[in-house]
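Enquirer: Below is a structure I'd like to ask you about.
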Amino acid sequence: MSTQTPLWLTASVPEDLAMAIAKALDVPRRVARWLVARSIKTPEEARRFLYAREQYSDPFDFKEMRQAVERIQTALAGGEHIVIVGDYDVDGVTASAILASELAAQGANWTCLIPERVADGYGLSEGLVERAAEQGACLIITVDNGIRAHEAIALALDLGMEVIVTDHHEPDDKTPLPMCSAVVHWSRHERPNDSIVLSGAGVAWKLCQAIEQVSRPKAKPSDHADWLLGLASLGAISDIMPMRGENRRLIREGLAALSLCRRPGWLALCEKARVNLDELTATGVAWRIAPRMNAAGRMASAMVAFDLLLSHNRTEAAELADALEQLNTTRKKVTESAVEEAKAQVEAHSPGGRPSGIVVAGPWPLGVVGIVAAKLVDHYNCPAIVLADAGEPVLRGSGRAPSGFSLHDALEACSSLLHHFGGHDAAVGCGVSRTQVEAFREAFAAVVEAAPHANGDSEDMVADDFLPLEEVTLETLEWTSRFAPHGPENDPLRFFIGPAIVKSVASLGDGSHLRLRLQEGKSEADVVWFQAPDGAKSDIASGDLVAVVVELEENVWRGNRRIQLRAVQGWRLKDPVLRDVFAVFYRHLLKARVVSRDVFATLVPGQTEAKVEVILSTFVELGFAECHNGTYHVVEAAGPRDLREALSYQAHLRTHFVPFL
């Protein structure tokens, strides 16, 4: 282990960059260091990030956008029948609703087809093309799919229909883009350096922005643009888009628009999800709204969710919301059973060890395997592929991966063993021939094992910054809130707290949660640890010395705001050097002015040579002392510093971590 591995990101931040941002924006130095740790290096970037002033790209910067809009304008003028083909997840449903809302506002003749997961499979298929032809379609527009639908598009052209593809999934590197009227994709940008990964809903939103710029019809509801923006934010959150640049602004402004939205379908959905529109957050969407919308496509037809979003009738909306809630209840029961069965398979394939990459198969509904994969990722912290075995020669499934791991690249490396696959870094769909499942399992595990930090590293940085308990204030909470919304490339800020003394410990709920009262110097604070490890629940006692990594959350009770510290990781600290021991050494240094290493070693009984070395290295690193030929000289101008700012002390603490198992 490197003795200079920092415990938190800000320990590696260049101080000059942080000070420049702090001065230019008049923000605390600590906040400026958080920004620099997230690769924000100029005051202009920092201002855009903190105040949500990221730039929206011009929709016509996307290649073939103008061709797409011109073809749609022709269809509108000629009264041609337009068929939207969407996808069955939240991103696909919201993308479909965005384009449908825009076409309706334009007075178009349109219908929407969303494939059923089991009967139709993913995306534009030859069967859907035939159904569109039966409806008299002249133009098919795909949203959140189509980039690899070469055969289906060829059939559409043969049947006399034209196709516009809008998608965000990875194209097939070995095959040219589909031959159609236009292909609009986030990566096909006139200025590639300015492009950002958008969800399928985000790409559909860009198409509608372009249509608006050209047509600007007068007879439109006043909330139309806000509604499209809100739907795009739902898609971005649900499809786990990178939370930087345009996506971040889109989600902030989209959630604000949805909080004011009073459309019957949206209100009915929020009521069933028990979401307070005055407190609508990305977390609320991800945990309450998205699972319900996804339940439609997982357990039945995604058209239930689509119709609910577009409903303008309160009675109809209530009925659709009830149906969605029933599907979600069924989905939960089926998922819980499938997760336990999948975990049993993982344990059987990895006896006594931690899996590297997971591939499991079972008689589970195709609609829940993506959720099961996500649960396995959360539990084992490694990529997971879950296959639904319906008794067919080809098993179809879904995969998920931890942040920072490209699942699409991993499947590309195993492509010779796959029947088909598609998706992006965080989520994929795939098919595996029954005879190749075992070979794929071995190949996938090998690819994951070879990837750097695929399973995490005990020496990785564990937090964004350290946080003294005395700085656990509402002001700190306000600054952390400016870093929201969170997602890939912009995770919630996490803080290292410790060494701290446990003043009291109490069980919460059914006993699986803990509340710890921690003391650091004269400051105390409560930490809530949901789903605490068994070792923490059984071993933590009053008087123990611990370190925890926490996220700051707002807790409002009867109108009073307070901070809640939520633990995400923790350790017992076994006999580290504490502040009072440093104080003894420093007082002696101040008094004697010059002290030899040998004298230091006799100051406090029981201090090992290694501990004395930590103390001296920390003094020198923080500027409290200088070393000359084995003697230590006090530095007069040294200002107050926290011991935890020294890499020497951070490395020392790391060596004294004892995990709670």
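The values are calculated or read from the model by the stated rules, or taken from the named source; none is laboratory data. Nothing here was measured: the structure is a model prediction, and the numbers come from that model. All Cβ positions, glycine included, derive from the backbone under ideal geometry; neighbour counts span all protein chains shown. In case anyone asks, the SASA skips ligands and DNA or RNA and just uses the protein heavy atoms, side chains included. Shrake-Rupley method; radii C 1.70, N 1.55, O 1.52, S 1.80 Å.
Enquirer: Residue check: is ALA119 part of a loop (DSSP other than H, G, I, E, B) and modelled with pLDDT under 95? Explain how you work it out, then say what you get.
Expert: Values: part of a loop (DSSP other than H, G, I, E, B): yes; modelled with pLDDT under 95: yes.
Against the criterion (part of a loop (DSSP other than H, G, I, E, B) and modelled with pLDDT under 95), ALA119 qualifies.
Enquirer: In addition: Can you tell me how many residues in the stretch 618-638 are at negative phi, surrounded by fewer than 19 Cβ atoms within 10 Å (Cβ to Cβ) and modelled with pLDDT of 80 or more? Let's see the steps before the verdict.
Expert: The first filter runs over the stretch 618-638 and keeps only residues at negative phi, leaving 618-622, 624-628, 631-638.
From what is left, the residues that are surrounded by fewer than 19 Cβ atoms within 10 Å (Cβ to Cβ) are 620-621, 626-628, 631, 633-638.
If we keep only those that are modelled with pLDDT of 80 or more too, we end up with 620-621, 626-628, 631, 633-635.
Going through the stretch 618-638 one residue at a time, the tally reaches 9.
Enquirer: Ok, one more. Residues ALA426, ALA439, ALA413, ALA463: which one is within 30 Å of PHE657 (Cα to Cα) and small (Gly, Ala, Ser)? Let's see the steps before the verdict.
Expert: Working: ALA426 fails: within 30 Å of PHE657 (Cα to Cα); ALA439 fails: within 30 Å of PHE657 (Cα to Cα); ALA413 fails: within 30 Å of PHE657 (Cα to Cα).
ALA463 is the lone residue from the list that is within 30 Å of PHE657 (Cα to Cα) and small (Gly, Ala, Ser).
Enquirer: Here's another thing I want to ask about it. Among what's in the stretch 139-169 and is part of a loop (DSSP other than H, G, I, E, B) and open to solvent by less than 50 Å² (accessible area, probe 1.4 Å), pick the residue that is nearest to VAL394 (Cα to Cα). Break it down stepwise before answering.
Expert: Pass one, the stretch 139-169, residues part of a loop (DSSP other than H, G, I, E, B): 144-149, 159-161, 168-169.
Cutting the leftovers down to open to solvent by less than 50 Å² (accessible area, probe 1.4 Å) gives us 144-147, 149, 161, 168-169.
Numbers: ASP144: 24, ASN145: 21, GLY146: 22, ILE147: 22, ALA149: 19, MET161: 31, HIS168: 26, HIS169: 22 Å.
Only one residue tops the list, namely ALA149.
Enquirer: If you don't mind, there's one more thing I want to ask. Residue by residue through the stretch 183-209, note down the ones that are among the hydrophobic types (A, V, I, L, M, F, W, C) and either without any contact (Cβ under 8 Å) to a residue 24 or more places away in the chain or buried (at least 23 other Cβ atoms within 10 Å of the Cβ) (or both).
Expert: Taking the stretch 183-209 first, the residues among the hydrophobic types (A, V, I, L, M, F, W, C) are 183-184, 186, 196-198, 201, 203-205, 207-208.
Across the stretch 183-209, the qualifying residues are VAL183, VAL184, LEU198, ALA201, VAL203, ALA204, TRP205, LEU207, CYS208.
Enquirer: Find all pairs meeting these conditions: Cβ atoms under 6 angstrom apart; at least six residues apart or on different chains; first residue within the stretch 303-319 and buried (at least 19 other Cβ atoms within 10 Å of the Cβ); second residue in a helix (DSSP H, G or I) and among the polar types (S, T, N, Q).
Expert: Going by the 6 Å Cβ cut-off, the qualifying pairs are PHE306/SER96.
Enquirer: Quick one: in the stretch 584-609, of everything that is part of a strand (DSSP E or B) and among the aliphatic types (A, V, I, L, M), which residue is most open to solvent (accessible area, probe 1.4 Å)?
Expert: First, the residues of the stretch 584-609 that are part of a strand (DSSP E or B): 594-596.
Pick out the ones that are also among the aliphatic types (A, V, I, L, M) and you get 594-595.
Values: VAL594: 73, VAL595: 6 Å².
By that ranking, first place goes to VAL594.
Enquirer: Next up: Can you pull out the residues in the stretch 564-583 that are assigned to a helix (DSSP H, G or I) and either touching a residue at least 40 places away in the same chain (Cβ under 8 Å) or surrounded by 14 or more Cβ atoms within 10 Å (Cβ to Cβ) (or both)?
Expert: ARG579, VAL581, PHE582
Enquirer: Going through ALA413, ALA463 one at a time, which residue ends up being at pLDDT 90 or above, over 19 Å from ILE240 (Cα atoms), buried (at least 20 other Cβ atoms within 10 Å of the Cβ) and not β-branched (Val, Ile, Thr)?
Expert: On the way: ALA413 fails: buried (at least 20 other Cβ atoms within 10 Å of the Cβ).
ALA463 is the lone residue from the list that is at pLDDT 90 or above, over 19 Å from ILE240 (Cα atoms), buried (at least 20 other Cβ atoms within 10 Å of the Cβ) and not β-branched (Val, Ile, Thr).
Enquirer: Among GLN519, GLN531, which is the only one that is among the polar types (S, T, N, Q), within 29 Å of PRO28 (Cβ to Cβ) and either open to solvent by 70 Å² or more (accessible area, probe 1.4 Å) or without any contact (Cβ under 8 Å) to a residue 60 or more places away in the chain (or both)? Full working, then the answer.
Expert: On the way: GLN531 fails: within 29 Å of PRO28 (Cβ to Cβ).
Result of the check over GLN519, GLN531: GLN519.
Enquirer: Let me ask another. Within the bounds of the stretch 236-254, is there any residue that is basic (Lys, Arg) and in contact with a strand residue (DSSP E or B) (Cβ under 9 Å, 6 or more places away or on another chain)?
Expert: If we filter the stretch 236-254 for residues that are basic (Lys, Arg), which is where we start, we get 244, 248-249, 252.
Add one more test, that the residue is in contact with a strand residue (DSSP E or B) (Cβ under 9 Å, 6 or more places away or on another chain), and what stays is 244, 248.
Scanning the stretch 236-254 turns up at least one residue that is basic (Lys, Arg) and in contact with a strand residue (DSSP E or B) (Cβ under 9 Å, 6 or more places away or on another chain).
Enquirer: Can you name every residue in the stretch 265-284 that is part of a helix (DSSP H, G or I) and open to solvent by 30 Å² or more (accessible area, probe 1.4 Å)?
Expert: Of everything in the stretch 265-284, those that are part of a helix (DSSP H, G or I) and open to solvent by 30 Å² or more (accessible area, probe 1.4 Å) turn out to be LEU267, GLU271, LYS272, ASP278, GLU279, THR283.
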